[in-house]
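> Pasting a structure below so you can have a look.
Computed from the coordinates by the stated procedures, all read-outs in this text should not be read as laboratory data. Predicted model, so just to flag it, every value in this text is computed and none were measured. With ideal geometry, Cβ positions are generated from the backbone for all residues, glycine too; neighbour counts draw on all protein chains shown.
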Amino acid sequence: MLRALLFAVTFTTLLLGWTTLARAQTYKVGAMAEAVSGLEGGTALPGPFRRSRTTLRIGADLAVDEFPDHAIAVAALVEVEPRAGVGFDARYVYRLGTRFSVGAGGIAMIAPSTLIGGSGDFTIRFPIGKVTALTLTPAVNAFFLGGDLPEDTVIWQVVLRVGVRFNL
Amino acid sequence: MRTTSSGMLRTFIVGLGLSAVGLYLACSAPGECLRHSDCDKGLVCDNGACIVQASPEAGATDGALAVDSGVAVTPDAGHADAGIDSGTAADAGADAEVDAGVDAGEEIPSGP
């Protein structure tokens, strides 16, 4: 009985402490819109590379004030030319100071067919106000899974993302 | 001296940027496929070329499918081309079936 009481008190104390800690946290949210294009190639392509599809990327990132240098970012991808497609990416982002950040994560196209891979990037921010910044992001993608991929093919992309980011 | 270095760096960066833009524009006419979705409907990407998808339901024999595989269609080709190719495939399939029928007929021994 005593053991149960001690367990209940300890559990409640920990829960209250965690709740208080969680309540003290504030989230830092950012929104971004970018245009993406670059070069791509693959083992099935006769030439060395070609221009990749022009893509619009609209997303958001989330960080906690206790760990402002670490963020999770998700974005919707819309391929607009020369062919249309829809997908998304999710990345872990680590900020290097106020102007730079690096990110790594997964990227997937879901329509008209699936294409799944990994992505890495390096972002440079050019602040143009308290909440707004222009962003320039060289990124590397590699697709190695999915129904849109021909047999025994890996597709690589070296792209440049140009856009704007807002601190919300 | 510092101004000269700065000018050289700026020239280098501008040159690098122009080279990148030139490279990008040189690659701006995709003539091959890299993904199945680069091709028109009904075609698939195989070794960088869009080809007619071999469908078992079409009833075509292996000979007909081989004819299909030899027909390469660029990703920029319109649906009209795809239609022509499909027609070719259908013809090839029909021919193959006729041939098969003739062959089968020839193999039947004719009695007295």
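> Under 10 Å, Cα contacts only: if you run a Gaussian network model on chain A, which one of A:GLY147, A:GLY47, A:GLY103 comes out with the highest mean-square fluctuation?
Maximum fluctuation in the GNM of chain A, among the listed residues, is at A:GLY47.
> Oh, and also: What is the spin-label model distance, in nm, from A:ALA111 to A:LYS130 if the labels are put 7 Å beyond Cα along the C-beta direction?
4.0
> In peptide A:153-161, what is the residue-averaged number of other protein chain Cβ atoms found within 10 Å of each Cβ?
Taking the mean over all residues of the peptide, I get 1.
> Among A:80-86, A:134-140, A:34-40, how do they line up from the highest to the lowest mean number of other beta-carbon atoms within 10 Å?
Peptide ranking by packing, descending: A:34-40, A:134-140, A:80-86.
> Averaged across B:35-43, how many Cβ atoms of other chains sit within 10 Å of each residue's Cβ atom?
5
> To the nearest 10 degrees, how steeply does helix A:2-24 sit against the main Cα axis of chain A, on a 0 to 90 scale?
On a 0 to 90 degree scale, this one is about 50.
> Now a separate question. Once the piece of chain linking A:VAL80 and A:VAL64 is laid out straight, how much longer is it, given 0.36 nm per residue of separation minus the C-alpha distance between them?
2.4 nm
> Taking the Cα-to-Cβ direction at A:ALA104 and at B:ALA20 and moving 7 Å from each Cα, how far apart do the two end points lie in nm?
Result: 2.3 nm between the two label points.
> Once every DSSP H run of n ≥ 4 in chain A is given -39500 (n - 2.57) and the sum is divided by its residues, what mean residue ellipticity at 222 nm do you get, rounded to the nearest 500 deg cm²/dmol?
Values: 1 runs with 23 residues, N = 168.
Rounded to the nearest 500, it is -5000 deg cm²/dmol.
> Can you give the Rg to Rh ratio for chain A, taking only C-alpha atoms and Rh from Kirkwood?
On the Cα set of chain A, Rg over Rh gives 1.16.
> Let me ask something else. For region A:116-168 and region A:30-106, write down the distance between their C-alpha centroids in whole Å.
Rounded to whole Å, the Cα centres lie 3 Å apart.
> Just to verify a number: FRET efficiency for A:LEU96 and A:ASP152, C-beta to C-beta distance, R0 = 45 Å, to 0.05? Can you show the working numbers first?
Details: r = 38 Å, r/R0 = 0.83.
Working from the Cβ atoms, E equals 0.75.
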